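Comments concern the structure below.
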């Protein structure tokens, strides 16, 4: 059947199909391309019909896989043709042949714009489709407002509007900075009332992109989404044409639930109830049916519902329903469902605490690791990796090792990386860890990255008990006939350092060790030879009493390589040769490698780096970031340039290598801030994170320096009691005993936690304290996660809460010992009795080895946690505002020294403090009005109203009025807001000196000296009432 | 988001390719080659999903034709799998009993239908009826 209607095109296609072989086809294509090229050259004789035909042929040739490097111009020029048939070809072929980066596309912008704003609906559609599929930045700049207009136009048919919605989506995704979506929350809310499901489906995709970027702005869409879901999944109220195998548009259901996952929670109880009712219906009502399409569609909805339930942290019962469903799915035969069961179980691990239930399915999951389908094996591997902990690490890692030998190449690298990480994270004992890594290298040496063997060396170096064992194991592997080069490297290194610990065992004399290693030398590459040379030097040093013959042999080798073409090898050979002549001095220089500082595993870093590329940020990731406290090892926040962040804790180290004015300024800055700081002019204690540098650098040059810089940190003395004045500027007090440096800036972490509910409160090389909090009215439930980052236990753990008078706090029992690499959770119940800005402090103590670490940490149970944003209408606001007529219920203050910020930023700050900015209440655009509800036992729920009048001429001052029904609350809230406005958080990287901090600049303007009367806050206030 | 959609026969001949992300010509041909290799030998008893670079390909086979969609790893697999089927149903309806030859000789129509179905890498319309009616409207204008 040839519907094409273009004879020439059909004939050409038939010709191609009749070609006997690839060569004939190429000839035919070349002939046609030549023909088209000539015809395009003298364009004059070309009718629009012919032009259209040739452009189609070009697209066909392009589709066959041939390069078409001309004719783009012709395709683009057809876009401006006056008639539909040519225009249509121009649009379609252009959007197939070109992409957003082609210059030719610029030529079309004007025509496209005219088509979009013109009256011809068909042309509008063509133009919107082109822009939606390949529109780039310039299109966004010139067309976004027009497209936005079409989307909300009441005179356009749904046909145009659904295209406009998706066109806008593309422009927004590509250039969020160009497309102005301010005020679009109202429009989106209206769009969600749309009855046409095509427009609604498209708009929902747009909404997903918008909320993923900024959910705060789109709260008003949340109830609408729930309504839509009810309409589809519960009431089944859709036109017949939008049901798919009896299911009301599964795609719209899925999209709607996706949008809902970007809202952190559903607060309104009615909406929440409706939503859970629908979700419950989906969870319970989805049965397996015979029809594949129906089954897939209903399960598409079901899996999205599962994701949403997990996200909402539903009640226990519903969560266990989810786990039960997933448990069922991972055991079914149907491959797609099993795959999705595994995938979603992995996701579930990221958001909730279901490890124990999932562990019950371990055997089932391991079966899937051996499935013939690689897609399923991959998901099983991910899940096993995710569910692994101290209790099952041995089983899982051994399973992975066993599977490694038979795994296909595509998976081996990932498999070995994951096995290595698990072995490291959850090793019940270190000798097991060494076994695992050596087995990995033995079984899949080609797939074991350098990081893996560097890491095992690091562990062995740092754990004396482990050294003889590791040396013995390394020696055993050398007996194997053909070993991987990586095994040669790691065993040579370990034996060089520790083979003397084996000296009395058979086959382990220096000479025997040397011979068995030297046997491998002819088989290894140039990168391994330097390691072997270092090993020889060390063996030589350890051979006591000196073995003259061995010495002769080794020196001969050094001699031989002194003229090696490889500079690294040559240098080592020369140096070792010269050193060997020095006798006793050799002992010092070739002494055992010092311990490595504890640091984040580069393996874990590597695993974390493999970022996915998705159109919208993954909802689950966003959430997982908030719940990062489950992860024991978080990224070390040391800036790349080597300057440790300025810590308010008091131990600031400034590297002395950059002894410029800049660094002096940095040293002084903390003093300006009012925090006490001891500047230690030593080089930073953390050496370069480049492990490679550590291990492969010439061993001879490394002196035992690793521990030195830590020795005199005790100078933090004068700090005691030196608490700075402002309540929010209190720095935790360090005890003299502390010789452990925190990682990251404690004050910064605290301030971050004031704004969000989970994250890391404190971290040092041994422990990480994470926090996760839930606040409801005047109650709070805070969970402290104490994670031991080491392979040795932490002892004498003590946590004491010093609550201020207004908070009632109950901390559950904290165990005295935290086992290696384990995490304990300590729930803390908080009740807010009355309004106050005072802070609770956690006094935390533990012992590690000889170190006693004691830190006092402020807990983020701050005033704003007991606030709940509330929107008030003008009808509610003004009577309230008037009734709270003056002090002490309504307080006003002119605040100076305000951190200058644009009004929008201030509004964001307020919103993040749970002070809901109510736009439109104050007619003056320079003012902000906000409302919130404060909860405490004494005040119960109490409405608070805030008004900020800013002076556009001087952003450093403003007038603030706070009103509530309780005098203490009014005062405390006013002071609290003031602190937020004048407070300057330490800049995250602390590399650049911050502008002048909190203290009021002496030359601050007197309140009445504003240049114009209009900006006088007093006059403005009068205008409001 | 759909990154691209490719229709190929068992020999790897591309019958339709539409990209919603900017790729150079050579890169497109490479992608088509790799996707074909990825799906063509998979057992029919396997999943319809397979990892592809940083994304995943959702594919389905109809007679000798493979329909492959490349989507984000966070996307809902089954929803996209069924959108392939919906697309096939639309083609089937439009060509009344579609076969590979229809798609070969009328590839330009297939692009038109696709543009009514997917835009900017997202589903635009899920009503078969609406799309078929729209195609009728457009044909009248030719």
Using Cα pairs closer than 8 Å and at least 6 residues apart in sequence, work out the relative contact order for region B:41-120, in percent.
19
Please report Rg over Rh for region A:1-80, where both radii come from the alpha carbon positions and Rh follows the Kirkwood definition.
0.96
In percent, how large is the relative contact order of region B:2-141, given Cα pairs closer than 8 Å and 6 or more residues apart?
22
Per the Debye formula with a single identical scatterer at each Cα and no solvent contribution, what log10 I(q)/I(0) holds for region A:168-265 at q = 0.12, 0.15, 0.20 Å⁻¹?
-0.37, -0.57, -0.95
For a footprinting-style exposure proxy, rank A:942, A:257, A:960 by other Cβ within 10 Å, fewest first.
A:942, A:960, A:257
Based on alpha-carbon positions alone, could you give the equivalent ellipsoid semi-axes of region A:866-981 from the gyration tensor, as √(5λ), descending, whole Å?
21, 15, 14
What is the order of A:174, A:328, fewest Cβ neighbours within 10 Å to most?
A:328, A:174
If the convex hull is drawn through the Cα atoms of region A:369-506, its volume per residue in Å³
103
To check my understanding: the extent here is largest minus smallest coordinate of the Cα atoms along each principal axis. What are those three numbers for region A:84-224, in Å, largest first?
45, 29, 20
Value of relative contact order over region A:274-372, rounded to a whole percent, pairs C-alpha under 8 Å and six or more apart:
21
Where Rh denotes the Kirkwood radius from the mean inverse Cα pair distance, what is Rg over Rh for region A:7-262?
1.07
Just rank A:538, A:41, fewest to most, by other beta-carbon atoms within 10 angstrom.
A:41, A:538
Please state the Cα pair-distance histogram of region B:2-141 with 10 angstrom bins from zero: what percent is in each bin?
11, 44, 36, 8, 0
Mean-position separation - Cα centroids, region A:7-52 and region A:908-956, in angstrom
70
Dividing the alpha-carbon Rg of region A:429-590 by 2.2 N^0.38 Å yields what?
1.00
Between the alpha-carbon centers of region A:451-490 and region A:184-225, tell me the distance in whole angstrom.
58
Note: A:462-472 gets an average of partner chain Cβ contacts (10 Å, Cβ to Cβ) equal to 0
From the Cα gyration tensor of region B:67-142, with a ≥ b ≥ c the square roots of its eigenvalues, which class applies: rounded if a/c is under 1.5, or else prolate if a/b is larger than b/c, or else oblate?
prolate
What average number of partner chain Cβ atoms lie no more than 10 Å from the Cβ of the residues making up B:103-116?
6
Quick one: check the C-alpha center-to-center distance for region A:108-166 versus region A:339-368, whole angstrom.
46
Sequence ranges A:108-117, A:528-537, ranked by mean other-Cβ count within 10 angstrom, highest first:
A:528-537, A:108-117
Considering every residue in A:526-533, what mean count of other chain Cβ atoms within 10 Å of its Cβ is obtained?
0
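A short reminder: the numbers here are calculations on the coordinates, not readings from a lab. Quick caveat: nothing in here was measured; it's all calculated off a predicted structure. Reconstructed Cβ throughout: ideal geometry from the backbone, glycine too, with neighbour counts over all protein chains shown.
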